[in-house]
Amino acid sequence: MGMNEDKLRTVKLSELIVEYGNNLKIPDYQRPYTWKKSTADTLFNDIYSAMKENKDYRLGSLILHKEEVENKEEKVTEYVYNIVDGQQRLTTTALILKALDDETKFLLENEVKAVSFKNIAENYKAIESRVNALSDIEKEEYRDYIKKCSFAIIITDKQEEAFQFFDSQNTRGKSLKPHDLLKAYHLREMNAVSEEIKKSVVKRWDNIDETHLADLFADYLYPVVRWHKKRNAVYYTAKNIDTFKGISREYKYNYALYHKRSVIFAEKIDKEFSDFLSNKECNLFQLTQPVISGEYFFKYVFHYDKLLTKVKNMVKEHHKKSEEIPDYRTGDIYIKRLYECALLLFMDRFGIENMETSYMEKLYKWSYSLRLVMYAVRRESINSYANGNNSNIYNGALFSKISEMNKPEDIMKIELKKIDVPDYNKSKYEAICNKLCNKEG
């Protein structure tokens, strides 16, 4: 090899292409190529400006995982270099070279997801338009210059190390999303699973809107998982993803074996005795129980995404008057999420079929009483209330209480106090006041 591996090095693009170009691979766990035309255009302009100013230009950083693969036809061992970090910038760089009619072919011959192909096609068209505006001399100058631009590169043959570098990059402020890190982590935990299953999981994951996925974790799963333990859940960031890394396939501890066997057994029973059990599936997951890493993490996410949709639809159906569920102020949105989180935990524990109107009304009153007594509702207000720190409404931490209930009707035993609504909220939230005020807890 021309470059030392397992160390941070600065290498020119031309060197990268010669050494690794034909063997660079975008692994299944990578999110799609998402750069927009404006971002690709910015990179094109930045490189062009640096060229005209005769400055050195750093294209960014790359983290590559060196993986050994067997060439069955030729019966030899080969290596591929999985792009753990840097896919977006490297792909755009490859598009620029292609538009400049460079003979180098790397990366773009990889099989890509449908979303990636769409963005690649649009960006290439935009870059090609920019290149066509250059003179022949400028094209040649640009082509020579970009190959002299450099990447900061780390190559390691240990996948664990590659992801540690990936996590480290994110901790230092690089804009990698927490759910991207979790996706990569849990795909790594699926080493023993077939490629077909991996691809199926990745396809389903990537079909979920990225903003929706981020909201699912930040606004629902993370708060509920934390609040039932009476822990703070004000902000969800990459620093908190350990909450969802769960029980690794390598863990052989008593508690880990119990949970792993429970999930596997329940799944097996459902498949083999579905007729005997009247097709009533066993819920493999509980928000009060740890996540099982790998394939079951993805099933966990898909399950709760589906359950949350049912919760939101139930709220719409039950509260016909939009004034009962206001969502045009930030504080109103926080309260609505609090209500949905309470419903999510309750339905997760007892099943959506056991949700009665009186139970919804109780959880509604608990949630919206906070809206009526406070002038301004912030994240911190919600977090504090969920953990039992507002005795003017209810003495106790509701999420913790729900996690300890044995029967759904136990929710009716919680005693809410009669609240004193300030004048500034009486007219602002008249519909909520009419629904809640002067009623017994």
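The values are calculated or read from the model by the stated rules, or taken from the named source; none is laboratory data. As the structure is a prediction and not an experimental result, all values here were calculated from the model. Glycine gets a Cβ as well: all are built from the backbone with ideal geometry, and neighbour counts include every protein chain shown. In case anyone asks, the SASA skips ligands and DNA or RNA and just uses the protein heavy atoms, side chains included. Shrake-Rupley method; radii C 1.70, N 1.55, O 1.52, S 1.80 Å.
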With equal scatterers on the alpha carbons only and no solvent term, can you work out the Debye log10 of I(q)/I(0) for the stretch 332-387 at 0.16, 0.19, 0.29 1/Å?
-0.48, -0.65, -1.19
Using modelled amide H (1.01 Å from N, peptide plane; none on Pro or chain starts), what sits under 5 Å from the amide H of Y57, excluding residues fewer than 5 places away?
S150
Would you mind checking which residues have amide H under 5 Å from D85's amide H? H placed 1.01 Å from N; only 5 or more apart, or other chain.
I63
Highest-fluctuation residue, K321, K418, K260 considered, GNM on the chain with Cα pairs under 10 Å:
K321
Please list the non-local residues whose amide H lies under 5 Å from the amide H of V377, H modeled 1.01 Å from N, same-chain partners needing a gap of 5 or more.
G331
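Before I look further, what does the chain give for accessible area per residue, probe 1.4 Å, in whole square angstrom? Intermediate results must be reported in sequence, preceding the final value.
Values: 23460 Å² over 441 residues.
Value returned for the chain: 53 Å² of accessible area per residue.
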Heavy-atom accessible surface of the chain: percent carbon and sulfur, 1.4 Å:
46 percent
Considering only protein heavy atoms, what is the solvent-accessible area of T243 at a probe of 1.4 Å, reported in Å² to the nearest 10?
50 Å²
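Using Stokes-Einstein with the Kirkwood hydrodynamic radius over Cα pairs, what translational diffusion coefficient do you get for the chain at 25 °C and a viscosity of 0.890 mPa s, in µm²/s rounded to a whole number?
It diffuses with D of about 97 µm²/s by this estimate.
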Sort H212, H179 by accessible area with a 1.4 Å probe, largest first.
H212, H179
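If DNA, RNA and ligands are ignored and the probe is 1.4 Å, what is the ranking of C149, C437 by accessible area, most exposed first?
Numbers: C149 0, C437 35 Å².
Final ranking, largest accessible area leading: C437, C149.
When ranked by the protection proxy of mean other Cβ atoms within 10 Å per residue, highest first, what sequence do the peptides 130-139, 401-410, 95-104 form? Walk me through the numbers on the way to the answer.
Details: 130-139: 12.0, 401-410: 14.7, 95-104: 17.9.
Per-residue mean Cβ counts within 10 Å order the peptides as 95-104, 401-410, 130-139.
For the chain, what is the calculated [θ] at 222 nm in deg cm²/dmol (nearest 500), taking -39500 (n - 2.57) for each run of four or more DSSP H residues and dividing by its residue count?
Numbers: 18 runs with 224 residues, N = 441.
Value at 222 nm, helices only: -16000 deg cm²/dmol.
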If you plug each phi of the stretch 224-240 into the Karplus form 6.51 cos²θ - 1.76 cosθ + 1.60 with θ = phi - 60°, what whole-Hz ³J(HN,Hα) values come out, in order, with x for Gly and Pro?
5, 4, 7, 5, 5, 9, 6, 10, 6, 8, 6, 10, 9, 9, 4, 5, 9
In order over the stretch 327-336: 3J(HN,Hα) from phi, Karplus 6.51/-1.76/1.60, θ = phi - 60°, whole Hz, x for each Gly or Pro, gives 8, 9, 10, 4, x, 5, 5, 4, 5, 4
For a quick size check, give me the Cα extents of the stretch 351-441 along its three principal axes, largest first, whole Å.
39, 26, 20
Return the sequence-ordered ³J(HN,Hα) values of the stretch 425-435 in whole Hz as given by the Karplus equation 6.51 cos²θ - 1.76 cosθ + 1.60 applied to θ = phi - 60°, using x for Gly and Pro.
9, 5, 7, 5, 10, 4, 5, 6, 4, 4, 7
